[in-house]
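Q: I am attaching a structure below and will ask some questions about it afterwards.
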């Protein structure tokens, strides 16, 4: 399947699909966004997005239209996966719940993405292979996107994490915690080899106020920078493999994430 369009103002079509997931034991809503013109000119790429229920507050449709109309974006299908009531259990790192046992269903969610959702999206789109596939998310959804991409680098080639919950830890701060208890950092460190991925990571200087080590830098930034160091130790380099964006005044909310979404989209799928 290919997409293209004449030089007229572009609009985005929106369609909801429902996947009755045996793995998650629930119906999962997924909103599909794509250009409404379907001339055969260019290959189609895919972006999976966690917390798809936030599409409106992210102003994603408007951002896509603006990028298309300025000829800055290759054609993509955005599949925005709505979170369920078990978000705190389905998101996280597969097989490694945090100290409060959150993320206990992250392995099932990862399997859902690969074995139930992706085949359904391909069937609906009428396509067997996408030109490029990226996965992105926000906060805990960003950690989930990172984990699933990291473990399925043969499926995804890029991952975007907005204000990622890289503080996710196996020990409480009051139970002898050290930075070695951060789950995502340990995952990267202990993975054999170097998955074929590229990373776009974003933080905001007002993501939070917590500062565990009292170094004057909020944990959201410290944890992301430390993850970048772990990636660099694996052999990834900046800026070729890793893009990091620190938004001055940026907060832990959809207003900030929506404001920088165009930069991520152009990095992942730009002309």
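Q: Can residue 226 be described as under 21 Å from residue 254 (Cβ atoms) and in contact with a helix residue (DSSP H, G or I) (Cβ under 9 Å, 6 or more places away or on another chain)?
A: Criteria not met by residue 226.
Q: Something else about it: Please state which one of 233, 268, 240 is at pLDDT 95 or above and either in contact with a strand residue (DSSP E or B) (Cβ under 6 Å, 6 or more places away or on another chain) or surrounded by 13 or more Cβ atoms within 10 Å (Cβ to Cβ) (or both). Break it down into steps so the answer makes sense when it comes.
A: Numbers: 233 fails: either in contact with a strand residue (DSSP E or B) (Cβ under 6 Å, 6 or more places away or on another chain) or surrounded by 13 or more Cβ atoms within 10 Å (Cβ to Cβ) (or both); 240 fails: either in contact with a strand residue (DSSP E or B) (Cβ under 6 Å, 6 or more places away or on another chain) or surrounded by 13 or more Cβ atoms within 10 Å (Cβ to Cβ) (or both).
268 is the lone residue from the list that is at pLDDT 95 or above and either in contact with a strand residue (DSSP E or B) (Cβ under 6 Å, 6 or more places away or on another chain) or surrounded by 13 or more Cβ atoms within 10 Å (Cβ to Cβ) (or both).
Q: OK, next. Test each condition in (1) surrounded by 15 or more Cβ atoms within 10 Å (Cβ to Cβ); (2) within 15 Å of residue 14 (Cα to Cα) for residue 36 and report the one that comes out false.
A: Every condition holds for residue 36 apart from (1).
Q: For residue 93, indicate whether it is outside any helix (DSSP H, G or I), touching a strand residue (DSSP E or B) at 6+ places or on another chain (Cβ under 9 Å), under 16 Å from residue 137 (Cβ atoms) and at pLDDT 95 or above.
A: On the way: outside any helix (DSSP H, G or I): yes; touching a strand residue (DSSP E or B) at 6+ places or on another chain (Cβ under 9 Å): no; under 16 Å from residue 137 (Cβ atoms): yes; at pLDDT 95 or above: yes.
No; evaluated as a whole, the condition is false for this residue.
Q: May I pose another question? Looking only at segment 184-202, which residues are surrounded by 24 or more Cβ atoms within 10 Å (Cβ to Cβ) and more than 13 Å from residue 242 (Cβ to Cβ)?
A: Matches in segment 184-202: 184 only.
Q: Let me ask something additional. Got a sec? Which of 170, 144 is touching a residue at least 60 places away in the same chain (Cβ under 8 Å), surrounded by 15 or more Cβ atoms within 10 Å (Cβ to Cβ), under 16 Å from residue 94 (Cβ atoms) and over 20 Å from the mean Cα position of the chain (by Cα)?
A: One residue alone meets the criteria, 170.
Q: Filter segment 74-104 down to the residues that are on the phi > 0 side of the Ramachandran plot, surrounded by fewer than 24 Cβ atoms within 10 Å (Cβ to Cβ) and touching a helix residue (DSSP H, G or I) at 6+ places or on another chain (Cβ under 6 Å) and list them by number.
A: Step one: of segment 74-104, the residues on the phi > 0 side of the Ramachandran plot are 92, 95, 101, 103.
Checking which are surrounded by fewer than 24 Cβ atoms within 10 Å (Cβ to Cβ) leaves us with 95, 101.
The one that is on the phi > 0 side of the Ramachandran plot, surrounded by fewer than 24 Cβ atoms within 10 Å (Cβ to Cβ) and touching a helix residue (DSSP H, G or I) at 6+ places or on another chain (Cβ under 6 Å): 95.
The values are calculated or read from the model by the stated rules, or taken from the named source; none is laboratory data. These numbers come from a predicted model, not from an experiment. Reconstructed Cβ throughout: ideal geometry from the backbone, glycine too, with neighbour counts over all protein chains shown.
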